[in-house]
Each structure stands twice: as structure tokens, then as C-alpha cells.
Amino acid sequence: MRPRVGTLADTTPAAVTPTSGSTPPAASDAFISAVDEHSPHNYHPLPVVIATGEGAWVTDVHGRRYLDCLAAYSAVNFGHSPRRLIDAAKAQLDRITLTSRAFHNDRLGTFVTELAALAGKDMVLPMNTGAEAVESAIKVARAWGYRVKGVESDRANIIVMAGNFHGRTTTIVSFSDDQDARADFGPFTPGFRTVPYGDAAAVAAAIDENTVAVLVEPIQGEAGVIVPPPAFLPQLRDLCTRENVLLVADEIQSGLGRTGTTFACDLVGVVPDLYLLGKALGGGIVPVSAVVGNRDILGVLEPGQHGSTFGGNPLAAAVGTEVVRMLADGAPQRRAAELGERMHARLRALVGSGVVAVRGAGLWAGIDIDPSLATGRRVCELLLAEGVLVKDTHGSSIRLAPPLVIEQADLDWAVDRLGTVIEHLTVPASAR
């Protein structure tokens, strides 16, 4: 059941008593202090210490429940502790968890076969994290450029988009324009050209005889759930085909049901040359990522040229296979589409009353709060007090990405809580 709800001023949800700015209880202090003392401060988490989770709900160390509307950036698309995936993981734990790719295991073949079929491709290169999938695709695109397209050695370039977020490795931050990601991490890796997101003409102008790939997020998540013009991805597909350039779609956040389709590219009928997958592919249980494409591209890799100790391990393959099977009949995708339509309609109703804009697709929304009212961080803190967990992004924007298993009533409740927070920010205290 949901916590009893009320207003920030008096009856916040019964299961969520802290208010923004209050000092967490001593037990939470101890957990938080241990992290602050012994872990680098490369994150700035909200002051809540989560202990358990089920479905779309999590519970903190004090027994207070919160509705998770971030889903670990889509890694928890199927909810916390999903029984079907937990059972698959437990069964595999009792058998074998790791062999490395120095040997075959009896789980990998099924995983890559079924994932390839889901994507309509021939081959799957299994890795662990999303950033590894991106790094792998960069290597594959360059090798393809030299070995198939005939690009001159060490001259390959890849076109990327302004506002992109593909990870935080040294190579990836080399083509980021986020100064928080770049500052003091140079020198940077060459070979990338940045163009405005959503501008196919700019991509066309940047392509030359040494261009091997265009790397794009079908929807930019970290930038604030930015949806490009409907014609953009189809234009990129036509352009890449004409110029013999690989179209690489980073679907690490947007893929596997989040947008109401298996891949966000499906929304506009585009099939890229390579899909980059991660996050939800591991069901929120183990890190699993993959580069998915056809043999004429992924087949450029030869023994010893790329690898990973844990990539394709039996435990990851067992969980990943079950994820693919859950998606195979389209039920999670349809649920995300249906609930997302309702969520976006209700969010758009807040525009003009403290909300400036709403963007997104399926169960994924970027919400711009009037910057004169609050920062995105402040809104997240107030929503925490209301029992809803979300994440801010740049400036006064926040993101909603609940698990695809969220109940409609709970989703409505979360939007209601956002409305309560906005009202709290816009209505003077004397008038409340």
C-alpha cells in the first residue's frame, strides 16, 4: 500500500516523516558518514539510506517507504527484486558464475542468440557496463573503417552530439561537452567531431572520407530527456547509408522497454547498424551490456583484439536471457506506452503552474521547473519528503523514470506529489 498522503505543511506520507533540510536520524548518519569518510565524493546522493526494495517501492533503514521514480537510470526497468529474474539468478548461482571467455559456458550461446533475435541482428558482443559497450563500439567502428571501408590508418573520426552522455571513461569524456565530466581529466582522446543534437544537416557537413560512425542517443537522457525532431533519426539513417558510415544508437538508457517500444529507435522506424545496450539488460541484478549488430560489422574482431574477464559470464547470461524473454512478447513495452501516455498528459497539465516544459516518451520524462522557484536538486529534496525518489539533472530540471511495473495508482500518486511540491513552491506560506 502507498503511504497516507497529505501536504508538505502538515500530513506528509505517514511512512515518510523527514522534511527537506532535516538532519537524518542517527542510524542514517552512521551509514552516510561511513561513505563520506571512506568513498570519494563523486556522487551527491539525497539523504536517504535504502535497505530493501520490491516492485516500484523501496524501504529505508528506518522502515519508511518511498516510490522509486528513477529506477537506477532504467537499470531497474523490471522493478526491485523481480521474482522471475531473482529465480534465474539463484538457479545459476548454484551452478557456476564465471568461467571467463577462455572457455565456453552453457549459458552464453542462448543469451546471444535470443538477444540477437530480439534486435533483429546476427551477433552480440557481451560486456558488463554501458561505458564498456560504448568503448567497444568505438573500437569496432574504427576497425570496420580501416578493414572494410578502407579509411587511412589512424585517421578515423566519429561524429557525436552536443549534450551527449555515454559514460565517464577517459575516451568518452573526451567528446563530452559537460565540463564537470571533463575538467582536469585531459589530455583527451582525438578522433571525434561534435555537432548540434537534432541537426542532420550539421552531421552531413561534418562527414568526410574518414568518418566511420555517427554515435547518437535516440533520446538524450542525462541532458534532460531531450527528444530530437521526428525526422532526425530517419535522416541520419539515410545519410549514414548513403555515405557508408555506421549509425550507432546508444540505447543503454532508452532501450528495452523504457520508451514504450523495445528500442527508442523503433518510435521512428529506424534500425541502426549497432545497438548499444546495458542497464536493464542485467535486470538490476548484475551488470550486463552488449553491442548488437550484424556479422559484417562485429565480425571484424579477431581473437585477442577485444575482451573482458566477466563479459558473457554464465550468471550474467542467465539473467540477461530471462530479461530478453520478458521483453519478447512486448508486454512491458505496451505497459510503458500506456502508462506513459497517462503520465505525460498529467505532467503537461502542470505546465504554466511552476512547470516550464515536459519532454519524453513512454515512462520517461524530463521536467523543467521554473528556475525562479527552485533548483532541480531542491525539488528532489522536497519530493523525498513526500515519499518520491527522483533525480535532478542540469539546472532546474528533474527526471522521472519509474520501473515499468509501477501501478497506475502509484504513478498518479507520484505526479500528485509533484503537484504538491510545485504548489508549495509557488504559493506563499501565508496563503497556504
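The values are calculated or read from the model by the stated rules, or taken from the named source; none is laboratory data. What you are looking at is a predicted structure, and each value in this text was computed from that prediction instead of being measured. Cβ: placed from backbone, ideal geometry, glycine included. Neighbour counts: every protein chain shown. The area values use the complete protein model at the heavy-atom level, side chains included, leaving out ligands, DNA and RNA. Shrake-Rupley method; radii C 1.70, N 1.55, O 1.52, S 1.80 Å.
Okay, here's what the table says:
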item	result
Test: residue in the stretch 4-18 that is closer than 29 Å to TRP364 by Cβ, modelled with pLDDT of 95 or more and in contact with a Ser or Thr (Cβ under 9 Å, 6 or more places away or on another chain)	no
Boolean, ILE226 is open to solvent by 40 Å² or more (accessible area, probe 1.4 Å), in contact (Cβ under 8 Å) with a residue 40 or more places away in the chain and more than 23 Å from GLY304 (Cβ to Cβ)	yes
Checking THR52 against (1) at pLDDT 95 or above; (2) of a type in the set (Ser, Thr, Tyr); (3) in a loop (DSSP other than H, G, I, E, B); (4) farther than 30 Å from PRO303 by Cβ, the condition it does not meet	(3)
Residue in the stretch 316-330 that is open to solvent by less than 30 Å² (accessible area, probe 1.4 Å), within 30 Å of SER397 (Cβ to Cβ), under 19 Å from the mean Cα position of the chain (by Cα) and in contact (Cβ under 8 Å) with a residue 12 or more places away in the chain present	yes
The stretch 87-97 - residue that is surrounded by fewer than 16 Cβ atoms within 10 Å (Cβ to Cβ) and not acidic (Asp, Glu) and, of those, farthest from the chain's Cα centre (by Cα)	ARG95
Residue within the stretch 382-397 that is aliphatic (A, V, I, L, M), open to solvent by 30 Å² or more (accessible area, probe 1.4 Å), under 21 Å from ILE219 (Cβ atoms) and modelled with pLDDT of 95 or more present	no
Residue tally, condition closer than 27 Å to VAL356 by Cα, open to solvent by less than 10 Å² (accessible area, probe 1.4 Å) and in contact with a Ser or Thr (Cβ under 6 Å, 6 or more places away or on another chain), over the stretch 229-265	2
Restricting the stretch 110-152 to residues that are of a type in the set (S, T, N, Q) and crowded, with 19+ Cβ neighbours inside 10 Å, the residue that is nearest to the chain's Cα centre (by Cα)	THR129
Test: residue in the stretch 280-299 that is open to solvent by 30 Å² or more (accessible area, probe 1.4 Å) and in a helix (DSSP H, G or I)	yes
Single unsatisfied condition, PRO272 versus (1) in a loop (DSSP other than H, G, I, E, B); (2) touching a Pro at 6+ places or on another chain (Cβ under 7 Å)	(2)
Pairs with Cβ under 6 Å, 6+ apart, first in the stretch 117-146 and in contact (Cβ under 8 Å) with a residue 12 or more places away in the chain, second among the basic types (Lys, Arg) and open to solvent by 30 Å² or more (accessible area, probe 1.4 Å)	ASP122/ARG295; MET123/ARG295
Residue check for PHE188: aromatic (Phe, Trp, Tyr) and either surrounded by fewer than 15 Cβ atoms within 10 Å (Cβ to Cβ) or on the phi > 0 side of the Ramachandran plot (or both)	yes
Any strands (runs of 3 or more DSSP E) falling wholly within the stretch 167-264 and containing at least 1 residues that are under 29 Å from LEU118 (Cα atoms)	211-216, 246-250
